[in-house]
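Asks: Got a structure for you, questions after.
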Amino acid sequence: MTQTINARAVLLDMDGTLVDSTAVVERLWLAWAEPHGIDPETVLHVVHGRQGHQSMAIMLPERDHAINLRENDAMLASETADVDGVVTIPGAGAVLEALLPFPHAIVTSANVALMTARMRAAGLPIPAIAVTAENVSASKPDPEGFLLGARLLGVDPADCIVFEDSGAGIQAGLAAGMRVLGVGPHAGAHNPTYRVDDLTQVAVIPDGDGFALTVR
């Protein structure tokens, strides 16, 4: 069944939503976790959607957070340098192209360098407005990033649609008072407002002075 969603702006997560970086995320994070004896299933449950230092704090709660911040810097550098296996999510390029005339932004837990490296590796254009790790004091599931994105676009949060794949990101979008389109096979478990398997199921339709999304 096709659903029509009226909106004034779209806020898009990157990893798992526009870009499939699963291969590199799992490769680097499992290598980080091994010396700490952290179960791989725990690692993969925690790291998606969050800034790295927050993931480390969750998995190693007794550790000095200053160590997490230092290791997160090293992890970001490693992730930026390693784009082997980074590919586009089906339909992402078409959605970004269709959104060009309308307010939209990336809201990602990556920093600018990592966002740029992964979007380029996937062959995707980078929106003019991006909220990255440098712009926020709190990582998803805190809504700070999405609220900042709405403010930069000059759009009320209630008129924004968030595209997200992870539990932390979906929680953040809902906490921001936004509707959330869950992307991917695992998104439905986190109760987004709408859900699709990938972005080939989404179309952007001009509608008067704005636009609508159709989701099938």
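Asks: Per the Cauchy relation, a quarter of the hull surface: what is the mean projected area of the convex hull of the alpha carbons in region 1-88, in nm²?
Replies: Directional mean of the projected Cα hull area for region 1-88 stands at 8.2 nm².
Asks: OK, next. To the nearest 10 degrees, how steep is helix 144-153 against the longest Cα principal axis of the chain, on a 0 to 90 scale?
Replies: 40 degrees
Asks: Using a 1.4 angstrom probe on the protein heavy atoms only, could you order 30, 18, 148 from most to least accessible area?
Replies: 30, 148, 18
Asks: With a sphere of radius 12 Å drawn around the Cβ of residue 203, what net charge do the other residues whose Cβ falls strictly inside it have (Lys, Arg +1; Asp, Glu -1)?
Replies: -1
Asks: Another one. Tell me, in nm to one decimal, what length is gained between residue 156 and residue 126 on full extension, where the rule is 0.36 nm per residue of separation less the Cα-Cα distance?
Replies: Taking residue 156 through residue 126 to full extension adds about 8.5 nm, to one decimal.
Asks: State the Cα centre-to-centre distance between region 143-216 and region 1-64 in whole Å.
Replies: 18 Å
Asks: Output needed for the chain: three equivalent-ellipsoid semi-axes, defined as square roots of 5 times the C-alpha gyration tensor eigenvalues, in descending order, whole Å.
Replies: 29, 17, 16
Asks: Of the trypsin sites (Lys or Arg not before Pro) in region 21-86, which ones lie in a loop per DSSP and count no more than 13 other C-beta atoms within 10 Å?
Replies: Filter output for region 21-86: 63.
Asks: Calculate, for region 54-194, the solvent-accessible area per residue in square angstrom, rolling a 1.4 angstrom probe over the heavy atoms of the protein chains.
Replies: About 43 Å² of surface per residue is accessible.
Asks: Now for a different question. Which whole-number percent gives the relative contact order of the chain, counting Cα pairs below 8 Å spaced six or more residues apart?
Replies: 28 percent
Asks: Shifting gears a bit: Quickly work out the residue 2-to-residue 113 label distance, labels modelled 7 Å from Cα along the C-beta direction, and quote it in nm with one decimal.
Replies: It is 4.5 nm.
Asks: What number, rounded to the nearest 500 deg cm²/dmol, is the helix-based mean residue ellipticity at 222 nm of the chain, given -39500 (n - 2.57) per DSSP H run of at least four residues and division by all its residues?
Replies: Computed mean residue ellipticity for the chain: -11000 deg cm²/dmol.
Asks: Using only the Cα atoms of region 129-216, what semi-axes does the equivalent ellipsoid have when each is the square root of 5 times a gyration tensor eigenvalue? Give whole Å, largest first.
Replies: Gyration-tensor ellipsoid for region 129-216: 21, 18, 10 Å.
Asks: Roughly what % of Cα-Cα distances in region 56-166 sit above 24 Å, to the whole percent?
Replies: 32 percent
The values are calculated or read from the model by the stated rules, or taken from the named source; none is laboratory data. Only a predicted model underlies this, so the values are computations on that prediction, with no experimental measurement involved. For neighbour counting, all protein chains shown are included, and Cβ atoms are generated from backbone atoms with ideal geometry for every residue, glycine included. Remember, those area values only see protein heavy atoms, side chains included, never the ligands or the DNA or RNA. Shrake-Rupley method; radii C 1.70, N 1.55, O 1.52, S 1.80 Å.
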